[in-house]
Each structure stands twice: as C-alpha cells, then as structure tokens.
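Right, one structure below, let's go through it.
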Amino acid sequence: MTRDHQTVVDGVLAGDPRAIARAISLVEAEGEAAAEVIKGVFHRSGRAYLLGVTGSPGVGKSSLVDQLVRAARREERTVAVLAVDPTSPFSGGAVLGDRVRMQAHTGDAGVFVRSMATRGELGGLARATGDALVVLDAAGFDLIIIETVGVGQAEVEISRRADMTIVVTMPGAGDGVQALKAGVMEIADLFVVNKADHDGADRTVAEIATMLGLASYGPQVWRPPILSTVATEGTGVAEVMRTVDAFRAHDSADFGRRRRLRLETRVRQLVSQHLLRHVEQHGLEPRAFAGILDRVVATDLDPYTAAEHIVSGALGPQAQRSDIG
Ligand SMILES: Nc1nc2c(ncn2[C@@H]2O[C@H](COP(=O)(O)OP(=O)(O)O)[C@@H](O)[C@H]2O)c(=O)[nH]1
Ligand SMILES: [Mg+2]
C-alpha cells in the first residue's frame, strides 16, 4: 500500500473527517486505491446501523434526515449521512437547502455529511455507495443514514443495503400512493407521510394503510407503521426515532442474515469484475476481442458462443494447471 493510502486508512480508523472524505473520493473513483482503502479498513466495519431514507424529490427527505441527525445527537449517538442523488446533482434549490441545513452541524465531530452524485452508470454508483458505507462504518459512526431518491431500480438496490428503510411521501395527488407502487412499496419498513401540515395527510395515511391491508402479515411479521411528520418543525420525529429503535430490536435476528447477503453480493460482484479483467488482459490476443465482436456484428457468431469461446480460451490452460497441482 502506498504511504498516501496508508495515511487515509489510519485517518479513517481514527475517525478523522478529512481522511473519511478522501477515502470516499477514492472508492468513488473505483480504482486500485478503492481496493486498498477497503482492505485497510474493512476489519473495523460491521457495527453501524444502516438506515435508508427514500422517496421522490421534494417530499422532505433531507429535512427529515436533518431532524433524525439532531435526535440521534441528543442521545449522543454519532451519525453519518450519505445522500445519493442520481437525478440532478446541481438542482439549485434543493442542494442549497441541504447546504444550509447541514451547516448547522459543522463543528460537531459526531456528524459527517457527504453527498454522492452519479457520473455515468447507476450500477457504478450503487457499488461505490456500498464501499462508502464500509468506510463510514469502519470510521465508527453508530448510525449511517442513506438518503436516496426512490425512483429507479438502482435506488431500490441502494436502499436494499440498509438494515431498515423509511419510505417518505407527502400528501397530494402527484406524490400519493401511486408513486409508491413502483417498487418502493416492498422495501418499506416504515412509512412517513411528511408535510402533515398540508391538506390531505390523513387521506394519504389511510391510502397507504388500505394498500398494506391487502398484503397479509403473519403474527411475528413486522407490519410497517405509517407515521406523519412535519419535518421542518420536527413534529413527529421522536416517534420516527422510537420506531427505528423498535424495528431494530424486532429485527435483530435478521441483522446478521442481511449483512451476510450484502457481503455475498459484493464478493460475487468482485469475482465477476476480476474474471472479466483477467479475460481481457490475459485471455485474448490483442485485437482478438474486436475480431470476435466483428463476427457477432456480422451475425456469424452468436453472443453466447462468443462469450463461451472467450472465457474458455482465457481460463482453459490455467484451469488445467490447477487440476494438476
Ligand atoms: N410545509 C412543509 N414543508 C416541508 C416539510 N418538510 C420539508 N419541507 C420543504 O419541502 C422542500 C423540500 O424538502 P427537502 O427536505 O429538500 O426534500 P427532499 O428532496 O425529499 O430531500 C423544502 O423547501 C423544505 O423546506 C414539511 O413537513 N412541511
Ligand atoms: Mg434531499
């Protein structure tokens, strides 16, 4: 490991905010440095509780997260916030509002806030988020809150990394229950109807309750509660925090199972990444891939056969060697 990376790793383990920020930038870049950082800090991870907060833009996720941070700090728990917004990293108002809210925490070493925006593909963002969570976990934060915009598959995937997911919505036709149906419904452990100072909050609560009523829950199964909040005023936030703790207590047996599943997914991802790199670097003569692709493009060769050919060409000799030795 380079001295620079060792310094970053030591800083993360000591909880130094600048080192944590640098480590997250390195894992975002997804290069050799990302691997070195994770190798250096991983042994200290596995203790933080990961709370996902998801919902459409503007429902009040960041305002709620800010309140949850305050509540956690009052209990002297340390908190890191990772805001993942793949939609528009510089959408003016929202970002400005976030900045103002988060400035309230500057100078508090028990709070760390970081936003990650997409560059390019969402799958990469999901991967980098996973590594960023490992960094924050190893840095010793008790609670890590992941704010994501709950619209697409990648965001749902990111929130699957959490131990608990809060789905936030607000009253009003545009963002009622309809918006929730598209995949985020299943991942909710708690529903929050924010902006309860607006008209129609009770109706939105009732709609969600009706929809949940259609699903059947066994006696031991957690039935997602539906709470209302006014995040800008902090109303209802204490109840949200109590529910988070209640879920955590209820769910303690699943905590380890979920963590195992997350790590399994990560190891599998890395295996395929390594294999692909191996195949590309060692398995093929220069230009051979382009040649094979030319044949696929000309419908001379189908993609399945092409892939089988490439992989067996790349792994064949080595596989034989390890059979022998
Ligand atoms: N009236 C009202 N406005 C709120 C409430 N919560 C958030 N807002 C406002 O809604 C806007 C979007 O909030 P924000 O937290 O940035 O939403 P996000 O995009 O989901 O993170 C901001 O102008 C907030 O001040 C609430 O409970 N009531
Ligand atoms: Mg936000």
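The values are calculated or read from the model by the stated rules, or taken from the named source; none is laboratory data. Just so it is clear, the model here is predicted, and its values are computed rather than measured. All Cβ positions, even for glycine, are placed from backbone atoms using ideal geometry, and neighbour counts span all protein chains on display.
Find the helices (runs of 4 or more DSSP H) located wholly in region 204-308 whose residues include 1 or more that are free of Cβ contacts under 8 Å to residues at least 60 places away in the same chain and under 24 Å from the mean Cα position of the chain (by Cα), and list them.
Details: elements: 237-250, 252-278, 288-297.
Helices (runs of 4 or more DSSP H) meeting the threshold: 237-250, 252-278.
Output the residue which, of all residues in region 69-87 that are more than 13 Å from ligand 2 (Cβ to nearest atom) and over 21 Å from residue 12 (Cα atoms), is surrounded by the most Cβ atoms within 10 Å (Cβ to Cβ).
Here the residue is 72.
Please find, within region 204-232, the residue that is surrounded by the fewest Cβ atoms within 10 Å (Cβ to Cβ) out of those that are among the hydroxyl-bearing types (Ser, Thr, Tyr) and modelled with pLDDT under 80. Step through it out loud before you land on a result.
The first filter runs over region 204-232 and keeps only residues among the hydroxyl-bearing types (Ser, Thr, Tyr), leaving 204, 210, 216-217, 228-229, 232.
Adding the requirement that they be modelled with pLDDT under 80 leaves 216-217.
Values: 216: 6, 217: 11.
Only one residue tops the list, namely 216.
Could you check region 26-67 and list, in sequence order, the residues that are within 12 Å of ligand 1 (Cβ to nearest atom) and assigned to a helix (DSSP H, G or I)?
61, 62, 63, 64, 65, 66, 67
Has region 97-104 got at least one residue that is buried (at least 24 other Cβ atoms within 10 Å of the Cβ) and either within 11 Å of ligand 1 (Cβ to nearest atom) or modelled with pLDDT of 80 or more (or both)? Let's see the steps before the verdict.
We begin by selecting, within region 97-104, every residue buried (at least 24 other Cβ atoms within 10 Å of the Cβ); these are none.
Checking region 97-104: not a single residue is buried (at least 24 other Cβ atoms within 10 Å of the Cβ) and either within 11 Å of ligand 1 (Cβ to nearest atom) or modelled with pLDDT of 80 or more (or both).
I want to confirm something. Restricting to region 184-223 and keeping residues that are touching a Phe, Trp or Tyr at 6+ places or on another chain (Cβ under 6 Å) and not hydrophobic (A, V, I, L, M, F, W, C), which single residue is nearest to ligand 2 (Cβ to nearest atom)? Don't jump to the end; show me each part of the working.
As a first pass, look at region 184-223 and keep what is touching a Phe, Trp or Tyr at 6+ places or on another chain (Cβ under 6 Å): 189, 208, 223.
Keeping just the survivors that are not hydrophobic (A, V, I, L, M, F, W, C) gives 189, 223.
Numbers: 189: 20, 223: 27 Å.
So the residue we want is 189.
Give the residues of region 29-55 that are buried (at least 21 other Cβ atoms within 10 Å of the Cβ) and among the polar types (S, T, N, Q), sorted by residue number.
Within region 29-55, just 54 meets the criteria.
Let's see how each residue does on (1) buried (at least 16 other Cβ atoms within 10 Å of the Cβ); (2) under 28 Å from residue 68 (Cα atoms); (3) assigned by TED's automatic domain parsing to the domain that holds residue 69:
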| position | (1), (2), (3) |
| --- | --- |
| 189 | yes, yes, yes |
| 239 | no, yes, yes |
| 257 | no, yes, no |
| 277 | no, no, no |
| 281 | no, no, no |
| 285 | no, no, no |
| 288 | no, no, no |
| 292 | yes, no, no |
